[in-house]
Amino acid sequence: MTLMRTLLCSVYRSGFTLLLGLLLGTAALSAHHSFAAQYDADKPITLSGTVVRIEWTNPHFHFYVDVKDDKGAVTEWAFEGYPPNMLVRQGWKKDVSLKPGMAVTVQGWRARVEPHLIAAREVTFADGSKLTAGPPAGTGGQ
Amino acid sequence: MKTHHAAWMAIAIAVVSLSGAPSAQNTTKAKPAPRAANGKPDLSGIWIATGALRLMAGEAEVAAARQSDIDEGRPAPRTEPPPYKPEAEKQRQYYLDRRGIDDPMARCLISGVPRISFRPLPFQIIQMPDQAVFLYETHHAFRVIPTDGRPHPEDVEPSYLGDSVARWDGDTLVVDVTNFNTKTWLIGVGTVHSESLRVTERYTRDSYNTIRYQVTMDDPEVFTKPWNAEEIFRLRPGERIREYECIENNEDLQRIEKLLQNESVFKRPSN
């Protein structure tokens, strides 16, 4: 690598870091609202259960999953993710990818107030396949 | 004599390399920008900013795009910190402390300029001889921008996207945007402005695949000097603008109301 190229890389990375810092700090990754006000990036969670219903709506889709705890008690958890336009770009198909009765494992982050609400990041299906369901944890405002 | 000549050539090449001038050894030649029938660069296409590339294609493609920038000698986009006056900076910090809960976008209000350019969804430019149409998937917003150098109309009133007129400066389309309302943030959380805001956008298609976007936000009421930001828009072949509807099931409104009843839940801890 020549000196010129090294310098260019270095300048590029510093600019990138500055921009990334600015944009991450401004919740640019959230689809339409501030992630950080509603969700806590320090509270990642992974849950498994059975899909109850799906709201394929804007500006975010929601789906609900019955999750059984150690004692056998079932709680319905709500998951929020991308709008349909972004889901389709991630490979989702309405009424096909996710259906009531399906067994899923969902990774995401817990809400600050609602005890059973999660910002969904990734859904793993029974056959092991995965689909991205929402943006990475933003740190809006921080 | 021949050896002498070769030595001088070697020194000359080394000096050129050290001086930072791009050389054929270091950079790959980028495919040139297409031109419209009138000779101007054609900005037409579907474009995405870095945030959109990250969400739509993932980190690997972001890294590949950045590597192609380096290979083709394209400087990294740089964004300055906002040069706010103390009072406006206090306002921005207030919104940052509240972690963006007051974001006009969370209430489905249209993003202004330039924020809409940085959103993580694609936009399309359709360039015609005397005007360019910008179609944003974000908010399903559009701008119809005269490019013949005409002045702003007189019957405008303050609006979210402001009023845009443009002219060509060589191969760069320069868009002058004025007549903004104060209901938008400029780029990120809490980036407030006044009705005196004037935005100058510069669109340069510096290769077939990229537009260099340079934007200056001038607002003497809130800034000590104009604020400069940059981005690289990347061509996204095969992509299309899809529907974006915001209000249909915006549960944020109820959730935000709940959160606002107890600020300590979401506010940043004070130092």
Query raised in the report: With springs only between Cα atoms under 10 Å, which of B:Ile187, B:Ile256, B:Ile110 fluctuates most in a Gaussian network model of chain B?
Result: B:Ile256
Report task. Under 14 Å from the Cβ of B:Lys225, count the other residues' Cβ atoms, weight Lys and Arg +1, Asp and Glu -1, and hand me the total. Result -> -3
Report summary line: The local net charge around A:Phe125, scoring Lys/Arg +1 and Asp/Glu -1 for residues other than A:Phe125 whose Cβ lies under 14 Å from its Cβ, equals +1
Report summary line: In order over the stretch B:202-207: 3J(HN,Hα) from phi, Karplus 6.51/-1.76/1.60, θ = phi - 60°, whole Hz, x for each Gly or Pro, gives 10, 10, 10, 7, 8, 7
Report task. Give the residue from B:Pro269, B:Asn249, B:Leu235 lying farthest towards the positive end of the charge dipole for the stretch B:217-271; charges sit on Cβ (+1 for Lys and Arg, -1 for Asp and Glu) and the dipole is referred to the Cα centre. Result -> B:Pro269
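At 1.4 Å probe radius, can you tell me the per residue accessible area of chain B in Å²?
48 Å²
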Report summary line: Per residue, accessible area of the stretch A:35-113 with a 1.4 Å probe, heavy atoms of protein chains only, in Å², comes to 44 Å²
Query - For the stretch B:121-226: span of alpha carbons on each principal axis (Å, largest first) - result: 37, 31, 29
Requested in this report: Keeping the other protein chains in place, figure out the carbon and sulfur percent of the accessible area of the stretch A:40-97, with a 1.4 Å probe.
Outcome: 48 percent
Query - For the stretch B:177-202 and the stretch A:40-93, distance of Cα centres in Å - result: 36 Å
Query raised in the report: Based on Cβ point charges of +1 for Lys and Arg and -1 for Asp and Glu, what charge dipole magnitude is obtained for the stretch B:144-204 about its Cα centre, in debye rounded to the nearest 20?
Result: 220 debye
Requested in this report: Show which lysines lie in cross-link reach of B:Lys31 when reach means a straight Cα distance below 20 angstrom and same-chain residues fewer than eight apart are skipped.
Outcome: B:Lys40
**Report entry** Choice from B:Phe233, B:Phe142, B:Phe180 with maximal GNM fluctuation in chain B (Cα, 10 Å cutoff)
**Finding:** B:Phe142
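For a Förster distance of 25 Å, can you work out the FRET efficiency between the beta-carbons of B:Arg242 and B:Ala63, rounded to the nearest 0.05?
FRET efficiency, B:Arg242 to B:Ala63: 0.45.
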Report summary line: Averaged over all viewing directions, the convex hull of the alpha carbons in the stretch B:62-167 casts a projected area in nm² of 10.1 nm²
Query raised in the report: Taking N as the number of residues in the stretch B:181-271, what value does Rg over Cα atoms divided by 2.2 N^0.38 Å take?
Result: 1.53
Query raised in the report: Where the only charges are on Cβ atoms (+1 Lys, Arg; -1 Asp, Glu), what is the dipole of the stretch B:146-271 about its Cα centre, to the nearest 20 debye?
Result: 580 debye
**Report entry** Links that overshoot a 24 Å alpha carbon limit, given the list A:Lys43/A:Lys68; A:Lys99/B:Lys258; A:Lys43/B:Lys267
**Finding:** A:Lys99/B:Lys258
Query raised in the report: What is the sum of charges around B:Met105, taking Lys and Arg as +1, Asp and Glu as -1, for the other residues whose C-beta is under 13 Å from the C-beta of B:Met105?
Result: +1
Report task. Roll a 1.4 angstrom probe over the protein heavy atoms and tell me the percent of accessible area of the stretch B:149-271 that is carbon or sulfur. Result -> 44 percent
Report task. Please determine, in degrees from 0 to 90 and to the nearest 10, the orientation of helix B:59-71 with respect to the longest principal axis defined by the Cα atoms of chain B, where the helix direction is its Cα long axis. Result -> 40 degrees
Query raised in the report: Across chain B, where is the longest run that never hits trypsin sites (Lys or Arg not before Pro) in a DSSP loop with at most 13 other C-beta atoms within 10 Å?
Result: B:30-182
Query raised in the report: Using 1/(1 + (r/R0)^6) with R0 = 51 angstrom and r between the beta carbons of A:Asp95 and B:Glu154, what's the FRET efficiency to the nearest 0.05?
Result: 0.50
Query raised in the report: Given a 1.4 Å probe and no ligands, DNA or RNA in the count, how much accessible surface is buried by B and A, both sides, to the nearest 100 Å²?
Result: 4800 Å²
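The values are calculated or read from the model by the stated rules, or taken from the named source; none is laboratory data. Worth saying up front: this structure is predicted, and the values here are computed from it rather than measured. Neighbour counts run over all protein chains shown; Cβ positions are idealised from the backbone, glycine included. Side chains are part of the model used for accessible areas, which takes the heavy atoms of the whole protein and leaves out ligands, DNA and RNA. Shrake-Rupley method; radii C 1.70, N 1.55, O 1.52, S 1.80 Å.
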